[in-house]
Every structure is written in structure tokens, then in C-alpha cells.
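Written below as C-alpha cells is the structure these notes are about.
The values are calculated or read from the model by the stated rules, or taken from the named source; none is laboratory data. Just so we're clear, the structure is a prediction, and the values are computed from it rather than from any experiment. Methodologically, a virtual Cβ is constructed for each residue, glycine included, from the backbone with ideal geometry; neighbour enumeration extends over all protein chains shown.
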Amino acid sequence: MGVNNLLKKLQQFSFFDTFKHASTYFTGTIFVHLLGIITLPIFTAYLTAEEYGIINVFTTYIGVTSVLLTLAIHGAIPRYYFEDGKTDFKEFLGTIFVAFNVIFLSLSGAVFLFKEQIASYMNIPLELIFWLILTTYGTILILFYYNVLIATKQSKEYATIQVIWQYSKFGLTMIGLIYLSGAVYWYNGEETSYTFMGKIVGECLATFLLATYAFRNLSKYMSFDHLSLDYVKYALIYSIPLIPFTLSNHILTSFDQWFINSSVGHSAAGQYAFAYKIGMIYQGLVMALLNGASPIYYDYMNKKDYKKVGEQVDSMTKLLVLGASFLILFAVDAGTLLSSSPVFLEALPIAPVIVGAYVFYGVSSFANRGIYFRKKNSYLAGIVLVSGIINILLNYYFIGVKEYSYKAAAYTTLASYFLMMLFSIFVTKYILKLPPLPLGRILKYVVLLGIIVAINYIFGEPNIGLHIGWIFFKGGLFIILSLLLFYNKLGVFFQKSKVQNDEILDQPEND
């Protein structure tokens, strides 16, 4: 079968368009996360532990200020684009852009006015407040453009921008680190290395260069001829409930690393962060699937075609499970290949646990799309806030009280995301009465994943990296799971009749 014929066969699948865009998003994510892992030894060679801590705190607060200094108003962009019957998106986006600048300038001005108190509370050098505000503004411009690209299904542009942004930040950071290597300044009465500013300034410059490009492209999607407070009201009603949701989600993903750093030490935090970066590749797959599926999902929901929604979730869950199986089976091998220091290898066995946690995160995200559609975003805040509090309590008990190693944090993350999935299903099905997920099929696929993983851990050597015999063994398990998940689709490649193909593809599975 030629490549063209194979492509034509694949295009007959109803999920092909979503998969095409999701694979493009995920390709960009892979390049971004690989850069984060590969550059870890480089940054630790230039920076002291204290400087590395300052940079991580700074990066964390960019995520926070991107929400607080804008009231998360940019989050309403895709939702308005998918409103059924709306034809005034350019006017909406133009109004929201003006409102964002007014809100940002007002709130960032207040931050700058109280910069001494804020810098003291955040425990960062005072001059970083200026760089924090500047980098946040550039970041939001890029996020504005991201939201438009997702809504208009420009996945290639999105992935390209994503990769260029991260790699340009790395390039300019290296210039900054080399230029400021060995520089010192006085902080809290002590002589302190100033090399970390090379990374902060480098990332800020790269962000602003890309933000300039994003703004230039955004201008063709915006109109300032009809500015309306109704647009601002719509955006704020939609986005303000997302503030606690986003911040709580940030706590859920970051608290364990902060807690390990403060209670166990820098070394343990670094080991855990390395394993977590591998697990975060899988989160990239989840987000790629969600971004790729969003336009079609909103179209189905607007038409009340809930059967198609269920079929879409079915296909997404299969890809989710398949991706999880690959990373769970090969996480140790990948980590062994990427690690430049033996000290990180000790943490690799927890990477599959983190991947497992994000399986539950993915299923909960599929359910939560209905909350976004109904614009009941306060429920999202409640779901993630409760899950985040549970995560904090579990970490405090098992790491702080029981004094287990940092590896316990992977299992507390797993438990927290499992509970978040249950909360999401309960809220969407029983409170909001949204169309239910195909839970029977989801459970079947997750059980198949569990069986494959169990076989690997019972009969294989899951924690030995780069051993050719075990790699073939795990490769065989991956192929078996692939066939079990997609056996009912194989017939399309052997059918000559397009009508027969469509009948096969449109036939839903039984729960």
C-alpha cells in the first residue's frame, strides 16, 4: 500500500482532523520538554543552588502574575469564538485587548508601587519586580495569540511559535549566562552571584521578540471600530471564576516540588523535578489532544450531537492510554538516555507513577470541557481547589510527618488526580447534568493499560534502562496493547468500498 493510499485510508476516520492537529501540538511539546531536560546539566553548571532557586521562583510567579495582573481575561477568547451564531469576533478581540491593557497597567502599577514589600514577601531581589512585570506582559501577548491559533485550528503555527519561543529563550539565556558568569552583587548584606540575571534577562528579551511577532499577527484578527463594555462583561464573567481554578491547578502541580525543596533538600527536589519533567511530556499529550479537539467539540455541543462527543472522547481516551503505555514502559530508558549525571537515575522509577497520575488528569479534563461549554467555571475552581488541598495534606503527612523520601510525592500526585477525576465526573454528570462520558469504554481501556503494566512489572525489569532484551519485551507489550485498542479499526485498510469503510468507522463500540 502506497503512502498516498494509506493517507486516504486514514482520512476516512472521523477523528483524523483532531488527530492531525493534536499530533502537531504534541510535536511542539516534545521539542520543548526535551530542551528542558537536556539543558538541566548546563544551567546547574552555571548557577549556584541559590540562583537556581531564585530563577524557579521567578518562573513560577510569571504563571501567577499572568493570571492576577490580567484577571485571566484572555481565557475567554476561544469560548467566544465558538459561540454559536456569533460573527463579531474581531470586535470582541479588539475590545478585550484594550481591556487587558487597562487592567494590566492598573494592577502592575500597584505592584510596582509596593515593590519593596512584594519583593520581601516573595524573597527575591528587588530589581526582579521590574523584570517580572515586563516578562509577564510579553507572555500575555503570546497567550492571546495562542488562544486565537487554537480557536482557528492553526496547529502548525502554534507548535512553531511554541518551539521558537523556548529555543530562543535558551539561546539568549546562554549568551546572558556567559556574559554575566562570575558577576556578583550585594544582597541582604552578603556578596551574591549575579549570574542568574543572564537567564532572566535572556528569557525576557526572547519573550518580547516573539510578543512583537504575535502582536503583529494579532492585529489582523482585531477591530477597534466598535468597543463595547458588553464584551468586557462577557469576558470577565467567564474568566474571573478561572482565577482560583488556575491558581489551584498551579498549586496542585507545583506544591510537591516546593515542599520537597523546603523539607528534604535541593538535591531531592532536583531528582524529583527531573523525573517529573519526563512525566510532564505526557501532560503535553493531554493538552495537545484537548487543543486539537476543541473546535470540533464545540461544534458538536452547539448542534447537541452528543453521540459524536462520546465517540470523540472514546478516540481521545484510546490515544491517551496508548501514550501512557509508551511512557510508562519506556520512561526509565528515556531518562537513562537523557541524564548526564547518575544522581538523577535514582528518581526515574517514579516517572511512570507521574504518567499514571496524568491519565486521571486527562479523563477529568475530558469531563471538564462541558463545564467550559456551559460557562460554569466556578465549579472548576472548586474541583481543583479541593484536589489541591488534598495534595498538600498528603504531602505534609507522608513527607513531613512520616518522613518518607521525595518519591512519596509521586504517589500523592497520583491519588490527588484520581480524586480530581471522580469530582469532575460527579459534578458534570450529577450536578450540571451534562452528557456523560463513555465511562464503560474508558474503564475498559484503563484496565487494559493496567494489565500491560502489571505484566511488565511481574515478568520484566521495568527499572533497568537501555537493556536491549527488555526494550524488545516492552516493545512487544506496546504492540499488543495497540492491537487491542484499535483492532476494530484495522478493517478499514482492507476494505475496497468507501461506503463499507464509513459504516465500519461510524459503528460505535459497545460498553
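Before moving on, here are some points about what is shown:
- All of GLY310, GLY370 fail the test of being in contact (Cβ under 8 Å) with a residue 40 or more places away in the chain, crowded, with 20+ Cβ neighbours inside 10 Å, assigned to a helix (DSSP H, G or I) and at negative phi, apart from GLY370.
- Conditions (1) crowded, with 21+ Cβ neighbours inside 10 Å; (2) in a helix (DSSP H, G or I): number failed by ASN456: (1)
- Hey, GLU461 modelled with pLDDT under 85, under 28 Å from ILE479 (Cβ atoms) and assigned by TED's automatic domain parsing to the domain that holds SER364 or not: yes
- Residue within the stretch 106-117 that is of a type in the set (Ser, Thr, Tyr) and closer than 25 Å to SER223 by Cα present: yes
- Considering only residues in the stretch 373-412 that are assigned to a loop (DSSP other than H, G, I, E, B) and among the basic types (Lys, Arg), the one that is nearest to THR428 (Cα to Cα) turns out to be LYS376.
- The listed residue being surrounded by 23 or more Cβ atoms within 10 Å (Cβ to Cβ), of a type outside the set (D, E, K, R) and either in contact with an Asp or Glu (Cβ under 7 Å, 6 or more places away or on another chain) or at pLDDT below 90 (or both), out of TYR396, TYR406: TYR406
- Qualifying residue in the stretch 79-86 (condition: closer than 30 Å to HIS226 by Cβ and touching a Lys or Arg at 6+ places or on another chain (Cβ under 8 Å)): yes
- Residue match in the stretch 345-367 (condition: within 19 Å of the chain's Cα centre (by Cα), small (Gly, Ala, Ser) and more than 30 Å from ILE243 (Cα to Cα)): no
- Output for the stretch 69-100, where each listed residue is more than 17 Å from LEU218 (Cβ to Cβ), of a type outside the set (Ser, Thr, Tyr) and surrounded by fewer than 16 Cβ atoms within 10 Å (Cβ to Cβ): GLU83, ASP84, GLY85, LYS86
- Criterion (out of contact with any Gly (no Cβ under 8 Å at 6 or more places or on another chain), touching a residue at least 12 places away in the same chain (Cβ under 8 Å) and buried (at least 20 other Cβ atoms within 10 Å of the Cβ)) met by exactly one of ILE129, ILE164, ILE103: ILE129
- Meets criteria (crowded, with 24+ Cβ neighbours inside 10 Å, more than 20 Å from the chain's Cα centre (by Cα) and either within 22 Å of LEU439 (Cα to Cα) or assigned by TED's automatic domain parsing to the domain that holds LYS375 (or both)) for LEU329: yes
- Meets criteria (assigned by TED's automatic domain parsing to the domain that holds LEU434 and at pLDDT 85 or above) for VAL386: yes
- Within the stretch 142-195, being part of a helix (DSSP H, G or I), basic (Lys, Arg) and at pLDDT below 85 holds for one residue alone: LYS156.
- Every pair of residues 6+ apart whose Cβ atoms lie under 9 Å, when the first sits in the stretch 449-478 and is closer than 18 Å to ALA324 by Cα and of a type in the set (S, T, N, Q) while the second is outside any helix (DSSP H, G or I) and at pLDDT below 80: ASN456/PRO462
- Residues satisfying the stated conditions in the stretch 429-443, i.e. surrounded by fewer than 16 Cβ atoms within 10 Å (Cβ to Cβ), more than 12 Å from ALA367 (Cβ to Cβ) and within 25 Å of the chain's Cα centre (by Cα): LEU443
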